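S.K.: Have a look at this one before I ask anything.
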Amino acid sequence: MPTPVRRPARAAWLRRAPLLPALLFTVVVTQVPFLMTVFYSFQSWNLVRPGSRHFVWLRNYVDVFADSQFRGAMLRTVVLTVVCVLVSMLLGLGLALLLDRRFLGRSVVRTLLITPFLILPAAGALLWKTTMFDPTYGLVNFALGGDTDWLSEFPLASVMTQIVWQWTPFMMLLILAGLQAQSAEVVEAAQVDGAGGWRIFVSITLPQLSRYLQLAALLGAIYIVNSFDAIFLMTQGGPGTATTNLPYYIYQRAFEGFDIGQSSAMGVVVVILTLVVATFALRLMFRSFGVSGEAR
């Protein structure tokens, strides 16, 4: 009876065959560069010293964790990611609750609120640097009536503001999808039973949104932890190292210090830490789902 077993397997392979070129392309453009990065991380290779390239094995990794600037960049990356994700998620929740209500011009307001997410990150960073935070002509100082140089006096907060502005619409869209998937019958039944708006929000809406909030936090953290455009274009990591996060510090070591070996080791460390955090977050998120993908 081997034939009935082979036919389903062959049919499954035939269904997957059109996807193989895309899978091969993905492996080539993602995994091959990462393997080369791992290979370079075991070498001492500085482009300003030709002929000095040789294997040092794990010494680059030891130097990475002994580097105080790397530890500082890691701490700033964690602070920037946590603050931006939490603030953008809270703002997105508030805007989603607003857009879930019916009012005149809701479609126009929704389009305007989505616009920041559609702007290129580099263009958004330049917009905030030149139009909003400029000490002489910036709109922030015009509105507040001061002359504060925001990028010099509050550099990290300024960068966080731009990132939150960029990612709040993304959070809003995910949470709004969860709100619109909420059963209207359940809410009406709670209202009939005498539950107020706050009680309905805490007991019905938030549990309904838990999976969407977890997904928004996970995706937001994965993207925001790799923030580079805003820091490069707004502060260049300064003043000093006040806004230097891990991606920008790796850029400095690789393209300004020409240290290929140690920058590769830093990149590998960052990828491993990101995978560990993402795996942990995914496990927490999937605990609310059954084996078949339905909520428990």
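S.K.: From the list 33, 50, which one is of a type outside the set (Val, Ile, Thr), farther than 21 Å from residue 269 by Cβ and exposed (fewer than 12 other Cβ atoms within 10 Å of the Cβ)?
M.R.: Going through 33, 50 in turn, the sole match is 50.
S.K.: How many residues, within segment 112-148, are in contact with a helix residue (DSSP H, G or I) (Cβ under 9 Å, 6 or more places away or on another chain) and not in a helix (DSSP H, G or I)?
M.R.: 10
S.K.: Within segment 232-277, how many residues turn out to be crowded, with 17+ Cβ neighbours inside 10 Å, assigned to a helix (DSSP H, G or I), under 18 Å from the mean Cα position of the chain (by Cα) and polar (S, T, N, Q)?
M.R.: Selection size over segment 232-277: 0.
S.K.: Separate question: Filter segment 68-81 for residues that are free of Cβ contacts under 8 Å to residues at least 40 places away in the same chain and not hydroxyl-bearing (Ser, Thr, Tyr) and give the result.
M.R.: Going through segment 68-81, the residues free of Cβ contacts under 8 Å to residues at least 40 places away in the same chain turn out to be 68, 71, 75, 78.
The answer is 71, 75, 78.
S.K.: Can you find a residue that is buried (at least 20 other Cβ atoms within 10 Å of the Cβ), under 30 Å from residue 61 (Cα atoms) and hydrophobic (A, V, I, L, M, F, W, C) anywhere in segment 198-214?
M.R.: no
S.K.: Continuing with this model, one more query. Please name all residue pairs, on different chains or six or more residues apart, with Cβ atoms under 8 Å, provided the first residue is in segment 200-220 and is free of Cβ contacts under 8 Å to residues at least 60 places away in the same chain and more than 14 Å from residue 181 (Cα to Cα) and the second residue is part of a helix (DSSP H, G or I) and of a type in the set (Phe, Trp, Tyr).
M.R.: Matching pairs, first to second residue: 219/170.
S.K.: Only one of (1) within 17 Å of the chain's Cα centre (by Cα); (2) in a loop (DSSP other than H, G, I, E, B); (3) not β-branched (Val, Ile, Thr) fails for residue 170. Which number is that?
M.R.: (2)
S.K.: Further question: So is residue 242 out of contact with any Phe, Trp or Tyr (no Cβ under 9 Å at 6 or more places or on another chain), without any contact (Cβ under 8 Å) to a residue 40 or more places away in the chain and small (Gly, Ala, Ser) or not?
M.R.: No.
S.K.: While we're looking at this one, here's another question. Among what's in segment 59-77 and is β-branched (Val, Ile, Thr) and surrounded by 15 or more Cβ atoms within 10 Å (Cβ to Cβ), pick the residue that is nearest to residue 167 (Cα to Cα). I'd like the intermediate steps shown before the answer.
M.R.: To start, the set of residues in segment 59-77 that are β-branched (Val, Ile, Thr) comprises 62, 64, 77.
Still in the list and also surrounded by 15 or more Cβ atoms within 10 Å (Cβ to Cβ): 64, 77.
Working: 64: 31, 77: 16 Å.
Checking each candidate, the answer is 77.
S.K.: Something else now. Does residue 92 satisfy the criteria of being modelled with pLDDT of 90 or more, closer than 24 Å to residue 205 by Cα and either more than 22 Å from the chain's Cα centre (by Cα) or small (Gly, Ala, Ser) (or both)?
M.R.: yes
The values are calculated or read from the model by the stated rules, or taken from the named source; none is laboratory data. Because the structure is predicted, anything quoted here is derived from the model rather than measured. For neighbour counting, all protein chains shown are included, and Cβ atoms are generated from backbone atoms with ideal geometry for every residue, glycine included.
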